Every structure is written in C-alpha cells, then in structure tokens.
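Below is one structure, written out as structure tokens; comments come after it.
The numbers here are math on the coordinates, done by the rules we state, and not lab data. Nothing here was measured: the structure is a model prediction, and the numbers come from that model. Neighbour counts are summed over all protein chains in view; Cβ atoms, including those assigned to glycine, are modelled from backbone coordinates with ideal geometry.
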Amino acid sequence: MATAAKETIPEAIRNPLSVFDVKGRSYVVTGATGAIGRTCSILLAAQGANVTVTGGNKAELEELAQEIADLKKGKVEIVNKRPKTEVDCKAIMDVACDKHNGVDGLFVASGYNKAGFIHEMPQSDWEDVIDANLRQTWLICREYGRRAIAQQRGGKCVLMSSVRGRHGNISGYTAYCISKAGIDGLTHVLATEWAKHKITCNAIAPTVFRSKLTAWMYGDDELGQATKARSLSRIPLGRLGEPEDFVGILLYLLSPASNFTTGQVMYIDGGFTAG
Ligand SMILES: NC(=O)c1ccc[n+]([C@@H]2O[C@H](COP(=O)([O-])OP(=O)(O)OC[C@H]3O[C@@H](n4cnc5c(N)ncnc54)[C@H](OP(=O)(O)O)[C@@H]3O)[C@@H](O)[C@H]2O)c1
C-alpha cells in the first residue's frame with residue numbers, strides 16, 4: 001500500500017529542485033552588460049544553461065563572456081548589438097539558434113531612463129526612453145516569438161517592467177512610467193497570444209536597485225538623492241534592491257518551475273507596492 005502511494009507522487013513534488021533545471025537550455029539576454037542582465041547571464045550559465053549575451057558595449061560583453069567561460073559550466077556567445085532593428089534582432093537570434101541549438105528563453109534586460117519634467121523635456125528624450133524600453137523590447141520579442149513558435153518546444157520570455165509602470169513619480173518620469181506601463185501591457189498580450197504555443201511571458205517590476213541606470217541616485221545629484229530617499233522611505237523592508245535580489249525570481253520565471261505562470265507583472269520591491 002505504502003509503495004503504491006509513493007509511485008503516484010509526481011517527480012516535481014518528490015524532487016522539487018528539478019523544476020528549476022535549466023541545464024543545456026539556450027537563453028538570449030539583452031542588455032547583458034547591465035546590472036540585472038549580467039546577473040541573469042551568470043546565474044543561467046552557472047546552472048549549465050547556454051547563454052547568448054548581447055549589448056552595445058563590446059568590452060563589457062567580452063569581460064562577461066570570460067567570467068562565464070571561467071565558470072566552466074554553460075557555453076556563452078556574444079552578439080555586440082542592441083535590438084534596435086529587425087536585422088539586429090535576427091542576428092541575435094541566429095547566433096543563439098545556430099550555436100546553441102535553438103532558443104528556449106529570452107530575458108529583455110536592456111533599458112534606459114532620462115528623467116526630466118514634462119515642461120522641460122525635449123521630445124528627443126521622450127523618444128529615446130520609449131525606443132529603448134518599449135520599441136526595442138517589442139522588436140526582440142517578435143523575433144523571439146517567430147523562432148520559439150517555429151521550434152514548437154515552448155519557451156520563456158521575461159521582460160523588465162518597474163514599479164513605475166503602476167505608480168507615477170514626481171521626479172520627471174513621464175517617458176519612463178509610460179514605457180513601463182507599456183511593458184505591462186505587452187506582458188499581458190504576449191501571455192495570451194503565446195499560450196497556445198506553451199510560451200510563457202512574465203515581467204519583473206522592481207523598485208530602485210543599484211545599477212548604471214540608477215548611479216545618479218547614489219551620487220551627489222540633488223534630484224537623485226531626493227528620488228532615492230523618497231523611494232527608500234516607502235519600502236517596508238527598509239532597503240533598496242541589489243541585483244542578487246532577483247536571482248530567485250529569474251530562475252523561477254526562466255525555468256519549468258513557472259510553466260503555469262504567465263501574464264504576471266511581479267513586484268520584487270521590498271513591499272513598495274504593498275503600502
Ligand atoms: N535599476 C533600477 O532601479 C531599475 C528599477 C526598475 C526597473 N529597471 C529596469 O531594469 C532594466 C535593466 O536596468 P539596469 O538597472 O540593469 O540598468 P543598466 O545597468 O544601465 O543596464 C541596462 C543595459 O541596457 C543597455 N542600454 C542602455 N541604453 C540603451 C538604449 N538606449 N537602447 C538599448 N539598450 C540600452 C545597456 O547595455 P549596452 O550599453 O551594452 O547596450 C545597459 O547595460 C531596465 O529596463 C530598467 O528600466 C531598473
């Protein structure tokens with residue numbers, strides 16, 4: 001009797017860490033030179049996944065690739081491009097598919113912000129932020145979707161939103177907040193559109209964490225200091241984020257562990273949006 005009961009326990013329950021297994025899978029990371037893109041690339045490779053790291057900064061990509069190679073786990077390829085055009089996106093996915101036998105997941109970690117009050121903001125700043133965060137994300141998702149649908153082996157897509165997709169900010173975030181609200185919408189639409197192909201799409205929405213993007217808040221800049229202090233005052237867990245705070249959620253969303261989770265914007269924010 002006891003033996004029969006044991007045989008009915010699913011593998012995922014008997015061996016729960018098995019659902020986080022990404023070994024041998026192929027992932028593309030955009031903005032891999034950034035704080036969270038770099039974190040994700042290294043953690044995937046450390047788990048034996050093969051990663052295609054992309055971005056505009058060649059020297060930083062090469063440094064990252066060397067660090068990944070030194071781990072002697074998953075393989076790494078570099079594509080020195082941002083996902084700015086259809087041609088760039090095809091080139092990125094071609095490398096992943098040719099060198100790593102297809103593509104199992106995409107993490108869009110590229111992004112940009114330029115704060116400025118709307119009455120002072122040049123249209124070009126608005127366009128730069130929307131371009132980096134929304135248009136380029138849409139473009140690389142389209143190319144990823146084409147490959148993943150053709151492969152017919154499911155997939156994992158993770159986008160970068162922000163608490164600013166839901167909350168305004170008095171520090172001049174008209175472009176940034178709207179770009180991230182757009183990411184939330186894209187997450188919902190892709191989740192529904194891709195569900196029949198067994199491709200999940202979710203987004204991570206952090207509050208402030210340390211990176212090149214937020215370096216202005218960690219320095220002497222008056223508006224930066226005020227922005228950081230205001231964010232901190234609203235975080236129940238009492239601190240800002242660090243890139244390593246996203247390791248658990250990234251592995252969850254990029255592995256089979258999240259196979260029944262799609263269309264979610266997950267607030268990894270120390271409780272910011274709870275209060
Ligand atoms: N840090 C935070 O507090 C925070 C909070 C919420 C959400 N986020 C989001 O998280 C994502 C990653 O940000 P991060 O904090 O890791 O920033 P980061 O360290 O600055 O990394 C972002 C990467 O994006 C690429 N990039 C910069 N400008 C770009 C542009 N105009 N077009 C395309 N790519 C560009 C850069 O790589 P290359 O120069 O190599 O191309 C850069 O390394 C972004 O979408 C950001 O909005 C960040």
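Points worth noting:
- Overall dimensions of the range 33-175 as given by Cα atoms, namely Rg and Dmax in Å: 16.4, 52
- Loop-exposed chymotrypsin sites (Phe, Trp or Tyr not before Pro) per DSSP, neighbour cap 12 Cβ within 10 angstrom, longest uninterrupted part of the chain: 118-259
- Loop-located GluC sites (Glu not before Pro) in the range 119-188 (DSSP state not H, G, I, E or B) with no more than 10 neighbouring Cβ atoms inside 10 Å: Glu120.
- Principal axis dimensions, largest first and in whole angstrom, of the chain by Cα: 69, 45, 38
- Note on the chain: GNM, Cα springs under 10 Å; of Ala175, Ala12, Ala96, the largest mean-square fluctuation is that of Ala12.
- Computed from Cα positions, the angle between helix 222-233 and the longest principal axis of the chain comes to roughly 50 degrees.
- Charged side chains reduced to their Cβ positions (Lys and Arg at +1, Asp and Glu at -1) give the range 47-193 a dipole of some 440 debye around its Cα centre.
- Positive minus negative residues near Asp125 (Lys, Arg vs Asp, Glu; Cβ under 13 Å): -3
- Counting charges near Gly275 (Lys, Arg +1; Asp, Glu -1) among other residues having Cβ under 11 Å from its Cβ returns a value of 0.
- Candidates Pro256, Pro16, Pro206, ranked by Gaussian network fluctuation over the chain, Cα under 10 Å, top entry: Pro16
- Computed [θ] at 222 nm, deg cm²/dmol, the chain (DSSP H ≥ 4; -39,500 (n - 2.57); rounded to nearest 500): -13000 deg cm²/dmol
- The range 218-257 and the range 35-91: distance between their alpha carbon centers, rounded to Å: 23 Å
- The chain, relative contact order in percent, only Cα pairs under 8 angstrom and at least six apart counted: 18 percent
- Per the chain, cysteines lacking a partner by the 4.7 Å Cβ criterion: Cys40, Cys89, Cys97, Cys141, Cys177
- Of the trypsin sites (Lys or Arg not before Pro) found in the range 53-110, those in coil by DSSP whose Cβ has at most 13 other Cβ atoms within 10 Å are Lys72.
- Amide hydrogen neighbours beyond the local backbone of Leu106, cut-off 5 Å, H modeled: Val28, Lys156, Cys157, Val158
- Rounded, prolate or oblate (a/c below 1.5 giving rounded, otherwise prolate when a/b exceeds b/c) for the range 174-224 by Cα gyration tensor: prolate
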